[in-house]
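Here is the structure we will look at, set down as structure tokens.
The values are calculated or read from the model by the stated rules, or taken from the named source; none is laboratory data. This is a predicted model, so every value here is computed, not measured. Ideal geometry is used to build each Cβ from the backbone, glycine not excepted, and the neighbour counts take in all protein chains shown. These accessible areas exclude ligands, DNA and RNA; they are computed on the full protein's heavy atoms, side chains included. Shrake-Rupley method; radii C 1.70, N 1.55, O 1.52, S 1.80 Å.
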Amino acid sequence: MSQALENLLSEDRKFEPTAAFSSEANAKRGIHEEAEADYLAFWRQQALTRISWHKEPTQTLDDSNPPFFKWFADGELNISFNCLDRHLEAHGEQVAYHWVGEPGDTRTLSYRDLHAEVCRFANGLKTLGVSRGDRVAIYMGMVPELPVAMLACARLGLVHSVVFGGFSSEALSSRILDADARVVITQDGAWRAGNVVPLKANADKALASTPDVEHVVVLRRTDHGVDMTERRDIWWHDLVEGQAEECDPVVMGAEDPLYILYTSGTTGRPKGIVHTQAGYLTGIVTTHHYVFDVKPDTDVFWCGADIGWVTGHSYIVYGPLANRATSVLYEGAPNHPDFDRLWQIIEEYGVTIFYTAPTAIRTFMKWGDEHVGKHDLSSLRLIGTVGEPINPEAWIWYQQTIGGGRCPVVDTWWQTETGAIMITPLPGVVATKPGSATIPFPGIFADVVDEAGQSVPLGGGGYLVITRPWPAMCRTIYGDDQRYVDTYWTRFPGRYFPGDGAKRDEDGYYWLLGRVDDIMLVSGHNISTTEVESALVSHISVAEAAVIGRKDELTGQAIAAFVTLRMDVVGDEALLAELRDHVAQTLGPIAKPKSIVFTDDLPKTRSGKIMRRLLQDISENRQLGDVTTLANESVVMEIATKASESADD
Ligand code: ATP
Ligand code: MG
């Protein structure tokens, strides 16, 4: 950004916490101020009260070698013990997971069941000759055995690297190689909307180029028949056969690695993010408790992400289990067997807290309200979102149509790298504004700075930075300390740079504006893609929009928009003109898109994020970059054709 970001979008709607919610809320007024007064004491207290330690730490933050910070470094613990064993005596029969599978399969696992499964599998893994610190790649769908495998690794001190089950064999092999995994855990196939995703066959293809993998454990799920390679491959059920239901957790150092997880690849080559034990656990149990207001005895928590992403790691597996929550774990797709599938599950299981992504919310809007209307969602008391900036209109729809106007909405900003939620409302404490993630979590310190690293006064926009270390921060990029330093700590020395743009309003609320790489420069004005997209989505006909800046001789960059319409709306010339005027009226003439292309779908990563980089390549007639992390490759050709037709609008 060569100059300040224009401040275009204005939003006056504000929702105060209700007295009823506040009086029962986990978070109390004053918590931000208390953490601000002494953030090390705040985090230390969370760590000591929310974690069961083998040996309590005497240290809190070790900042002797920045940016390689350590937290609670001399403490000892085991995360699987914290997620399972410590709950058994008083709450062994409590449900850990209501698993909802396809086709019509269901399973209920109590904490005692989960503990037994984890121990048996851990004992099985030991027979493969693995030892503490070894990396294990996990390539599975959303089955209970996925958290079992992760927790078994944590129990033995193995470092897991979960690779999203929707990824191709190339994506899998590059991740296996990067992490140098010796064991791969997979399943014969995964169910997806009535079809079998051939995970084992994909893995076999990947394994052709990963000579160091010694063992492959295969869970039987779809039973469609797979090739098993002798001596290398073993069935899960054979591995656990006869294994004991007890397995001593290995005592881990606070700073030993827990897992590697690759970022979703929205901006380029994925990074192998490394998280360690105690700081990570502290971050997720604290945020899970306060942001979702979880009451373990009564709530049914449902995070709809895939465990293959950090959201699933932190808020399906480690956070909820360590906090002894009851969760829903869903294997299937949101539209199978029908468009009301998620709402039917909420009704059936009495889900009280629901967490999803803006991309999903926009899709639900597109499908139409009638699917939601078929079900009683009155059990819900809090709803959340993560993954992309949420357009204010989508926020309002979510609040009204899913939340019934009564549930607080928590828009949570964070990343794979941050491990835990960073900027978020605390329900019952912080008033919300549609489209704003509000303010940093207690004990998290952020700022918005200009090109030179100077703090931008309230009301202005620039680069988001995190100004102090936090417990759940990633420790490095696996095998590449230098890339870690270069990517996050060099742009603004002494501060963490997440790569996102943001502005702060007069109340100090943060508005995330997307990746700084995506910010457009039009006739000397810096304009955020997010704001133009939100203006488009605020039009009644629009379901979803992606905006990029394409090269333009006159203006430097010209705004090019790609728009998907709500069901039953026809995209014609009249609507095109109407949308351009609508943006001009909402944001000002400078933000008016030069071209708009109507399309049935937008290119997205497999985590559902819009891939603007590709749209830019298309618009500027470049060779398309890496599309391996794309969920819907076919749409790219379709858009390319339409874009070339409309380029001269
Ligand atoms: P890569 O780093 O490989 O490009 P990625 O950034 O998409 O992939 P994640 O770590 O899953 O991978 O995503 C984090 C990013 O998602 C954030 O940096 C931000 O851009 C976006 N994001 C997440 N939550 C929010 C939110 N509530 N509001 C705005 N943006 C969000
Ligand atoms: Mg990222």
inquiry  = Just to confirm my filter: which strands (runs of 3 or more DSSP E) fall fully inside the stretch 528-641 and include at least 3 residues that are under 20 Å from A357 (Cβ atoms)?
reply    = 542-552, 556-565
query = Residues of the stretch 183-206 being within 16 Å of R231 (Cβ to Cβ) and surrounded by fewer than 21 Cβ atoms within 10 Å (Cβ to Cβ), which ones?
reply = D204
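In the stretch 565-582, which residues are in contact with a Leu (Cβ under 7 Å, 6 or more places away or on another chain) and at pLDDT below 95? Working first, answer last.
Here is the first cut: in the stretch 565-582, the residues in contact with a Leu (Cβ under 7 Å, 6 or more places away or on another chain) are 571, 579.
G571, the sole residue that qualifies.
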key: Every pair of residues 6+ apart whose Cβ atoms lie under 7 Å, when the first sits in the stretch 407-435 and is within 10 Å of ligand 1 (Cβ to nearest atom) while the second is acidic (D, E) and part of a loop (DSSP other than H, G, I, E, B)   = G435/E11
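Return the only residue of G133, G129, G104 being open to solvent by 20 Å² or more (accessible area, probe 1.4 Å) and at pLDDT below 95.
Values: G133 fails: at pLDDT below 95; G129 fails: at pLDDT below 95.
After ruling out the rest, the residue left standing is G104.
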task = Could you tell me which numbered condition T418 fails, if it satisfies all but one of (1) closer than 29 Å to K14 by Cβ; (2) polar (S, T, N, Q); (3) open to solvent by 10 Å² or more (accessible area, probe 1.4 Å); (4) within 15 Å of ligand 2 (Cβ to nearest atom)?
result = (3)
message = Out of I346, I353, I402, I361, I need the residue that is modelled with pLDDT of 95 or more and within 16 Å of ligand 1 (Cβ to nearest atom). Which one?
response = I361
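Among the residues of the stretch 263-293, write down those that are open to solvent by 10 Å² or more (accessible area, probe 1.4 Å) and either over 17 Å from P498 (Cα atoms) or at pLDDT 95 or above (or both).
Taking the stretch 263-293 first, the residues open to solvent by 10 Å² or more (accessible area, probe 1.4 Å) are 263-264, 266-271, 274, 289-290.
Passing the criteria: V274, H289, Y290.
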message = Between T229, T222, T210, which is open to solvent by 40 Å² or more (accessible area, probe 1.4 Å), in contact (Cβ under 8 Å) with a residue 12 or more places away in the chain and either of a type in the set (S, T, N, Q) or not in a loop (DSSP other than H, G, I, E, B) (or both)?
response = T229
Which numbered condition G403 misses (of (1) touching a helix residue (DSSP H, G or I) at 6+ places or on another chain (Cβ under 9 Å); (2) open to solvent by less than 10 Å² (accessible area, probe 1.4 Å); (3) not basic (K, R)) = (1)
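Surrounded by fewer than 19 Cβ atoms within 10 Å (Cβ to Cβ) and touching a residue at least 40 places away in the same chain (Cβ under 8 Å): is that true of G571 in this structure?
Details: surrounded by fewer than 19 Cβ atoms within 10 Å (Cβ to Cβ): yes; touching a residue at least 40 places away in the same chain (Cβ under 8 Å): no.
Spelling it out, it is not the case that G571 is surrounded by fewer than 19 Cβ atoms within 10 Å (Cβ to Cβ) and touching a residue at least 40 places away in the same chain (Cβ under 8 Å).
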ask   = Based on what the data block shows, is P389 buried (at least 24 other Cβ atoms within 10 Å of the Cβ), within 16 Å of ligand 1 (Cβ to nearest atom) and either of a type in the set (S, T, Y) or under 30 Å from G508 (Cα atoms) (or both)?
value = yes
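Does the stretch 488-501 include one or more residues that are acidic (D, E), buried (at least 18 other Cβ atoms within 10 Å of the Cβ) and over 28 Å from I31 (Cα atoms)?
Step one: list which residues in the stretch 488-501 are acidic (D, E), which gives 500.
This time we only want the ones that are buried (at least 18 other Cβ atoms within 10 Å of the Cβ), so: 500.
Adding the requirement that they be over 28 Å from I31 (Cα atoms) leaves none.
No, the stretch 488-501 has no match at all.
Looking at A27, A41, A20, can you tell me which residue is open to solvent by 60 Å² or more (accessible area, probe 1.4 Å) and at pLDDT 95 or above? Spell out the reasoning first.
On the way: A27 fails: open to solvent by 60 Å² or more (accessible area, probe 1.4 Å); A41 fails: open to solvent by 60 Å² or more (accessible area, probe 1.4 Å).
So the residue among A27, A41, A20 that is open to solvent by 60 Å² or more (accessible area, probe 1.4 Å) and at pLDDT 95 or above is A20.
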request  = Can you give me the number of residues within the stretch 294-310 that are surrounded by fewer than 23 Cβ atoms within 10 Å (Cβ to Cβ), under 20 Å from V162 (Cβ atoms) and not small (G, A, S)?
outcome  = 1
ask   = If we scan the stretch 464-486, do we find a residue that is open to solvent by less than 10 Å² (accessible area, probe 1.4 Å) and over 21 Å from the mean Cα position of the chain (by Cα)?
value = no
ask   = Quick one: is R120 among the charged types (D, E, K, R), under 18 Å from R220 (Cβ atoms), surrounded by fewer than 24 Cβ atoms within 10 Å (Cβ to Cβ) and in contact (Cβ under 8 Å) with a residue 24 or more places away in the chain?
value = yes
query = Right, I383: in a loop (DSSP other than H, G, I, E, B), open to solvent by less than 10 Å² (accessible area, probe 1.4 Å) and within 14 Å of ligand 1 (Cβ to nearest atom) or not?
reply = no
query = Checking Y97 against (1) farther than 30 Å from D338 by Cα; (2) buried (at least 21 other Cβ atoms within 10 Å of the Cβ), which test does it fail?
reply = (1)
message = Being within 16 Å of ligand 2 (Cβ to nearest atom) and either aromatic (F, W, Y) or in contact with an Asp or Glu (Cβ under 6 Å, 6 or more places away or on another chain) (or both) is the filter here; which residues of the stretch 421-457 pass it?
response = A437
task = Considering every residue within the stretch 380-393, establish whether at least one is in contact with a Leu (Cβ under 9 Å, 6 or more places away or on another chain) and within 25 Å of P469 (Cβ to Cβ).
result = no
note = Note on R324: of the conditions (1) at negative phi; (2) in contact (Cβ under 8 Å) with a residue 40 or more places away in the chain; (3) part of a loop (DSSP other than H, G, I, E, B), unmet is (1)
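Out of the strands (runs of 3 or more DSSP E) lying entirely within the stretch 415-504, which hold 2 or more residues that are in contact with a helix residue (DSSP H, G or I) (Cβ under 9 Å, 6 or more places away or on another chain)? Outline the logic, then answer.
Values: elements: 446-449, 461-466, 500-504.
Strands (runs of 3 or more DSSP E) meeting the threshold: 461-466, 500-504.
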task = Examine the stretch 334-343 for a residue that is at pLDDT 95 or above, under 29 Å from Y262 (Cβ atoms) and crowded, with 21+ Cβ neighbours inside 10 Å, and state whether such a residue exists.
result = yes
inquiry  = One residue is enough: does the stretch 55-78 have a residue meeting the conditions surrounded by fewer than 16 Cβ atoms within 10 Å (Cβ to Cβ) and of a type in the set (K, R)?
reply    = yes
message = I'd like the full set of residues that are of a type in the set (V, I, T) and open to solvent by less than 10 Å² (accessible area, probe 1.4 Å), limited to the stretch 311-333.
response = I316, V317, V328
query = Which of the residues spanning the stretch 77-94 are within 29 Å of the chain's Cα centre (by Cα), among the hydrophobic types (A, V, I, L, M, F, W, C) and farther than 18 Å from A122 by Cα?
reply = none
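What do you reckon, is R491 of a type in the set (K, R), over 21 Å from R362 (Cβ atoms) and at pLDDT 95 or above?
Working: of a type in the set (K, R): yes; over 21 Å from R362 (Cβ atoms): yes; at pLDDT 95 or above: yes.
In short, yes.
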